[in-house]
1. Quick one, can you get me the convex hull of the C-alpha atoms of the stretch 100-331 expressed as volume per residue in Å³?
2. Between ALA90 and VAL111, how many nm apart are label points set 7 Å from Cα along the C-beta direction?
3. Please list 3J(HN,Hα) in residue order for the stretch 294-302, calculated via the Karplus relation 6.51 cos²θ - 1.76 cosθ + 1.60 where θ = phi - 60°; whole Hz, with x for glycine and proline.
4. Report the semi-axes of the equivalent ellipsoid for the stretch 282-388 in whole Å, largest first, where each axis is √(5λ) for an eigenvalue λ of the Cα gyration tensor.
5. Over the C-alpha atoms of the stretch 178-265, what are the Rg and the largest Cα-to-Cα span, Dmax, in Å?
6. So, counting K/R as plus one and D/E as minus one, what does the shell of residues with Cβ under 15 Å around ASP65 add up to?
7. Given 0.36 nm per residue, what is the gain on full extension from PHE350 to SER386 after removing their alpha carbon distance, in nm?
8. Across the stretch 229-286, how large is the tail of the calculated P(r) beyond 18 Å, expressed as a percent of all Cα pairs?
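What follows is calculated from the coordinates using simple rules that are stated; it is not laboratory data. Keep in mind it's a predicted model, so treat the numbers as computed, not measured. Cβ placement follows ideal geometry from the backbone for every residue including glycine, while neighbour counts extend to all protein chains displayed.
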Amino acid sequence: MKKNQSMIMKRLFIYIIMCAATVAAHAQNDSTAASLPPMYPQVIPISSIDDLNADVMALQFSKADAAAKKLIQTAKRKRQSTAEYDKVVAACRKGENGLRGVDRIIIVDSVVVDKKDFLKAYPIAADLGTLTLSDKGDIVQYQTQLNGMVLRPEGTDSTSLHLTRYYLESDRLTEDGIIEGLGIDGDINYPFLMPDGQTFYFAARSQDGYGNYDLYATRYDSDSKRFYQAENMGFPYNSYANDYMLVIDESAHLGWFASDRYQPHGKVCIYTFIPNESRQTIDYETTDLTELRTMASLKSIAAIPMTDKQKQDKAAAKKRVSSLNSQLATTNYHKEFEFVINDSKTYYTFDDFISTEAKKLCLDWQQKSKNLTSLNEQLQQMRDTSPEARQQILNLENRIMELKAEVHQIEKSIRKAELQ
């Protein structure tokens, strides 16, 4: 008896030690998780029940709706909250309406890339502007070729971003104010303005959408100087995952957007499509529901039914994609600067440098060179408009001479570091 009691106590002690170790491990994991940056982009599930989420993601709204309503009945009998299931029912109602307005687009291609580098998968010509990621890695700034305008999301955190317009003046950003009229109360990001200066696409995470980042479209009203109420682009552009960064190249008759639907964490799919001049809504009443879900969800590109004409258009679009990539590879070589190392070497990008020290010095040289250009422009403007301000002109001339000396010294240091 004593032997059995001793064995039981020994097992109980081991079990307590194991439980304590497990709790400590979970606490450490929680602490580590708390210190990690938020998911990019943030994913907000509709429900905590995996089966319901899976059915909604697959656009199986009738199935998810019926299951949620049964759970609501059970919760009411037990006098429990039905809030979570009510969300699913509302999402299914909204999704079912979305299936009645699916835009018929031709998906030309899709490629899965790392989220942190997803912009590199966009073959954007120079005349469409430039897209750049912020240091946070989840905010995209768009600079157009139209009047040097810059559209940049601003905010204190990822839940309170608004879109601000700037203009580049003498290499400096001059704020023009928050973009008005979008009608979106939520996190706004991933802006793209068409070359016409009116058609505007962006992504937003708001209560009015499907739950995560959705793509929206609007137009600018030049008379009121405001954008019209933005409209959710619906299926297949949007899903219950994150869908964002829609770009259209009218000259190439191609478009791109990103989505992390069906992707593991850290990956995103870039879809290439043929944009329609106007929305071509698929007839809900005459289309097989399975086919409609396939076209709306983009679960399988190969399974999307296509006519012979659409197949020909897709083949022609693939050739345009190939041609565009070739053109960009040969004519759109990006020169960040021009720095002469010696008679036989001239560098144009930071990747040209071998020396890490030289590369760091080049960053300082580039910034000071820009400042020097800006000061020279200010000096010329002051001489033209305020010649009587002699002391200010003199002070500016002295500062320019000092900055020139600094730039010259940095240039010598760069060459020395690179050639040693």
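1. Taking only Cα atoms, the stretch 100-331 has a hull volume of 140 Å³ per residue.
2. 4.0
3. Karplus values, whole Hz, x for Gly and Pro: 4, 6, 7, 8, 6, 4, 9, 5, 5.
4. 54, 23, 15
5. 13.1, 45
6. Spelling it out: positives minus negatives among the neighbours equals +2.
7. Net length gain for the segment: 9.0 nm.
8. 43
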